[in-house]
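To keep things clear, I will list the structure first and then write my remarks on it.
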Amino acid sequence: MSHKAKKSLGQNFLQSKTIVQRIVKTAKVTKKDHIIEIGPGLGILTEELAKHTAHTTAIEIDSDLIPKLKSNPALAKVEILNEDALRFTPPKTGKYKVVANIPYYITSPLITHFLTTPNPPTSMTILVQKEVAKKIITNPPESILALQTQLYSTPTLAFQVPAKHFDPKPKVDSTVIHLETLKKSARPKNPEKILKLAKQAFSQKRKMLSNTLKDHKEALAKLKLQDKRPQHLTIKNWEQLTNI
């Protein structure tokens, strides 16, 4: 490999063509899709995406990788941007999908950045740390990340990717997770208020809600939730509590 991975950017380059083919299949990429890829790295996933759709935008924060990506003939039609994905402004109109092998440390902010934008992607297919993927799909949601993800999308585990398929090899295995974005009409009307309340409760997740949400004791009692902890509440519970 001609490019040395940078620990500061959490770079672990995917090496398996079979895995990238499975990622593209999981994302249900078609010729009509606009795909936004986060962190193309050496371009192995980008090349596969370019085969299946006419419009791919690749966002790479590492300026040292840009010349390599732009000199690749297989990526001639790919729009390559040297940007920070967390500061990237998603398209204001039109449909698009996000596909990415991302550094583990930006998993939560990246999901937040795209799902809460005014024009979210129709789906996100991302390769994340195995344990984080498991946490995202917990039901009831056992963390703010799980709750937020499920307020805006339906998450499913696609398949696992052993560490041996990366260079350098990470210390943990990964999982491809697919988030099918919910239409506005299908999600709670007040997700922002739910998250604000939930963050207060999850700040001391071992305590009962009667202790962490003292200003809402009447509502908690009405819903018989006063002796529950935040990780025990369903999305419906959070919605009912916020509405009251």
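The values are calculated or read from the model by the stated rules, or taken from the named source; none is laboratory data. All values reported here derive from a predicted model rather than from experimental measurement. Glycine gets a Cβ as well: all are built from the backbone with ideal geometry, and neighbour counts include every protein chain shown.
I'd like to check something: does region 150-164 contain any residue that is of a type in the set (D, E, K, R) and either in contact with a Lys or Arg (Cβ under 9 Å, 6 or more places away or on another chain) or outside the structural domain of Leu45 (by TED's automatic domain parsing) (or both)? Taking every residue of region 150-164 in turn, none turns out to be of a type in the set (D, E, K, R) and either in contact with a Lys or Arg (Cβ under 9 Å, 6 or more places away or on another chain) or outside the structural domain of Leu45 (by TED's automatic domain parsing) (or both).
Test Thr125 against the criterion of being in contact with a His (Cβ under 9 Å, 6 or more places away or on another chain), within 21 Å of Leu86 (Cβ to Cβ) and at pLDDT 95 or above, and give yes or no. Yes: the conditions hold for Thr125.
Exactly one residue among Lys77, Lys135, Lys70, Lys92 is in the same structural domain as Gln21 (by TED's automatic domain parsing), surrounded by fewer than 21 Cβ atoms within 10 Å (Cβ to Cβ), farther than 18 Å from Glu180 by Cα and free of Cβ contacts under 8 Å to residues at least 12 places away in the same chain, and that residue is Lys70.
Annotation note: of Leu147, Leu179, the sole residue that is part of a strand (DSSP E or B) and within 17 Å of the chain's Cα centre (by Cα) is Leu179. For region 33-67, the set of residues classified as under 18 Å from Gln15 (Cα atoms) and either of a type in the set (D, E, K, R) or not assigned by TED's automatic domain parsing to the domain that holds Pro121 (or both) consists of Glu37, Glu47, Glu48, Lys51, Glu60, listed by residue number. Residues of region 162-181 that are within 18 Å of Gly43 (Cα to Cα), crowded, with 16+ Cβ neighbours inside 10 Å and touching a helix residue (DSSP H, G or I) at 6+ places or on another chain (Cβ under 7 Å): His165, Val176.
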